[in-house]
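Below is one structure; the comments refer to it alone.
The values are calculated or read from the model by the stated rules, or taken from the named source; none is laboratory data. This structure is a prediction, so every number in the text was calculated from the model and none was measured. Note: ideal-geometry Cβ built from the backbone for every residue, glycine included; neighbour counts use all protein chains shown. Surface accessibility is based on the protein's heavy atoms, side chains included, excluding ligands, DNA and RNA. Shrake-Rupley method; radii C 1.70, N 1.55, O 1.52, S 1.80 Å.
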Amino acid sequence: MSALKPLKRLFTDWFLGGMLLAVTLAWLFPDVGKHGGALHAGSLINAGVFLVFFLHGINLSTEQIRKGLGNWRLHVMVQVFTFAIFPLFWLAANRLLGGQVPPALMLGFFYLCALPSTISSSVALTGSAGGNVPAAILNASLSSLLGVFLTPWLISLVADANGGIDLGQTLIDLSLLLLLPLVLGQALRPLWGKFFARYKRYTGIFDKLVILLLVFASFSDSVAGGVWQQQGPETLVVAFVGCALLLALMLWLTTRSARSLGFNHEDEIAAVFCATKKSLAAGAPMAAIIFGASPALGLILLPIMLYHQMQLIVCAVMAERYSLKGLQFHQAPN
């Protein structure tokens, strides 16, 4: 019965319902949420994102990060998978299938592959599975920081063929919106850390609300621009199947790699969960900056929206199995 818990969570997850509602509202009222629309979503999103990353910074434990510094092989593996193996897999898939997938959706798959790892879910699942939590905190945090620079740079390599992006301005914008509040939060942690720790659980709720606003605004731009009128149901099927195959392949590769490198049980868990996760929390606001008010933004965000739900469900099942395996290992006689 324990394996059914993640599926039950899927159907009772308010965030998943919120995303479906946001997409529906964008379809019905695109003029409200679109760029320059009645809601002025751009200003609300910028303020919300700044506050979210400030809260992440003030709640980030530097002591736990220091504890995770030792295992450099694990750190290298996670970052190489996050920013190299994922994009290389997309490159191979694009060579084989690029002509059969809508260009905006294919760019969305690359955007998914170029994103950093998550922080909250990677750490939470690593902890529940009995893995190396300090290493997970270090790798997820490092990935988020590197993503501010590496994600737009990787996107610029592909987007150059389609008019390109202003990489310099994009890096400045991302630094001001994501990196600056994170640094401010860390700087103020000694003064206000304990106060904000009491309300830490609300940070995740606020984080998700900002993402929902981003989803609503992005899909409003896409609907208003007529992007979805050009796509059929097969686009959603292609996105779903592509995300499922990508997640399955990366879970298999990271597991085999961790065992080939001789990682112990705890390090394997941290490596697998951190190296296969992709961050919707960072991906949604970064997309708004990198791609601006592009009508195709909703289609570009579709893969990470689907992948986000898949990774939570599949990794929750894996966490329970890892936990049982670890319990059996520790109870075995020496």
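Evaluated over the chain, the count of Lys pairs having alpha-carbon atoms less than 24 Å apart is 20 (only pairs 8 or more residues apart or interchain). Between helix 120-129 and the chain, what is the angle of the helix's C-alpha long axis to the longest principal axis, kept within 0 to 90° and rounded to the nearest 10? Here the helix axis deviates by roughly 30 degrees. All other residues whose Cβ lies under 14 angstrom from that of Ile85 are scored, Lys and Arg at +1 and Asp and Glu at -1, for a net of +3.
Figure the gain on full extension for Leu324 and Lys194 (residue separation times 0.36 nm, minus the Cα-Cα span) and round it to one decimal in nm. Can you show the working numbers first?
Numbers: separation 130, 0.36 × 130 = 46.80 nm, distance 3.41 nm.
So the chain would gain 43.4 nm between Leu324 and Lys194.
Return the ratio Rg/(2.2 N^0.38 Å) for the range 84-202, where Rg is computed over Cα atoms only.
Working: Rg = 17.7 Å, N = 119, 2.2 N^0.38 = 13.5 Å.
Normalised by 2.2 N^0.38 Å, the Cα Rg of the range 84-202 equals 1.31.
Counting only protein heavy atoms and a 1.4 Å probe, the chain has 48 square angstrom of accessible area per residue. Relative to the longest principal axis of the Cα atoms of the chain, the long axis of helix 41-59 lies at roughly 10 degrees.
For the range 1-158, the residue among Val76, Leu91, Phe53 whose Cα projects farthest onto the positive side of the dipole built from Cβ charges is Val76. Taking the 1.4 Å solvent-accessible surface of the range 66-180 as the whole, the part contributed by carbon and sulfur is 69%. Remark: the range 70-78, residue by residue, has Karplus-estimated 3J(HN,Hα) of x, 8, 5, 5, 5, 5, 5, 4, 4 Hz, where x stands for each Gly or Pro and the curve is 6.51 cos²θ - 1.76 cosθ + 1.60 at θ = phi - 60°. Shape analysis of the chain yields a ratio of the Cα radius of gyration to the Kirkwood radius, Rg/Rh, of 0.96. The phi-based Karplus calculation (6.51 cos²θ - 1.76 cosθ + 1.60; θ = phi - 60°) puts the 3J(HN,Hα) values of the range 273-285 at 6, 6, 7, 9, 7, 10, 8, 6, 4, 8, x, 5, x Hz, whole numbers, x for Gly and Pro. Ellipsoid fit via the Cα gyration tensor, the range 245-334: semi-axes of 34, 12, 10 Å, each the root of five times an eigenvalue, largest first. Of the residues Lys194, Lys208, Lys278, the one that moves most in a GNM of the chain with alpha-carbon contacts below 10 Å is Lys194.
Against the chain, whose longest principal axis comes from its Cα atoms, helix 233-260 is set at around 20 degrees. Based on the reciprocal of the average 1/r between different C-alpha atoms, the Kirkwood radius for the range 178-315 equals 17.6 Å. Backbone phi angles across the range 301-313, fed through the Karplus curve with coefficients 6.51, -1.76 and 1.60 (θ = phi - 60°), yield HN-Hα couplings of 7, 4, x, 5, 5, 6, 4, 4, 5, 4, 5, 5, 5 Hz in residue order; Gly and Pro are listed as x.
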